[in-house]
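Written out below as structure tokens is the structure these notes cover.
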Amino acid sequence: MRTTALTTAVTSAVIAGSVLLTGCGPGSGGTSGGKAELSVESAYIPQPVSDTMAAGFLTIVNKGGTKVELTSVTSTAAGSVTLHETVGSSMQEVKALDVPAHGQLVFKSGGNHLMLEKLKSKPVQGETVTVELHFATSDPVKVEIPVESATYNPKTGN
Ligand SMILES: [Cu+2]
């Protein structure tokens, strides 16, 4: 009898504690409505000099009211795809990047980029490279990225 009473007391203490935590948690601001609505624009890979390595650029647009985190990218054409950001004049690998609610995540020359490594064959202009974008809280998105000329600039279309 004594043991049962003690267990009950502990259980109600735990429940009371979790109610309190929920009340002041980060989710109480009403951000749970809506979900991410993702699409991809302006994707391209400049034809690389290297046989095994290429950079990829694209813009991920989120029309939804919830931000999502891009956590990884995979490709059947490459042994490894990593996310890089440019800080000053050097680049560094990052684990994840945010696509803000009602916003976009831009990968462009001189900024964030995808680094495709261990390519199975060298991407040639006119081909496409398929990559899959993986998100923390949203379904994966498949993108066919066209390979453009080595000097392609999306602003001029050359
Ligand atoms: Cu890089």
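Every read-out reported here was derived from the displayed coordinates using simple, explicitly stated rules and does not represent laboratory data. Small disclaimer: the values here were computed from a predicted structure and weren't measured. Here Cβ is always computed from backbone atoms with ideal geometry, including for glycine, and neighbour counts include all displayed protein chains.
Can you tell me which lysines have their Cα less than 24 Å from the Cα of residue 35? Leave out same-chain residues fewer than eight positions away.
Residue 35 reaches 63, 67, 95, 142.
Within region 45-158, what percent of beta bridges assigned by DSSP are antiparallel, to the nearest 5?
Numbers: 32 of 34 bridges.
Rounded to the nearest five, the antiparallel share is 95 percent.
Got a sec? Which residues in region 122-140 would a label at residue 149 touch, if it sits 7 Å along Cα→Cβ and we count backbone N under 16 Å?
124-127
Give a residue-ordered list of calculated ³J(HN,Hα) values for region 112-128 (Karplus: 6.51 cos²θ - 1.76 cosθ + 1.60, θ = phi - 60°; whole Hz; x for Gly, Pro).
Going residue by residue, I get 5, 8, 8, 10, 9, 10, 6, 5, 6, 8, 6, x, 10, 3, x, 7, 10 Hz, with x marking Gly and Pro.
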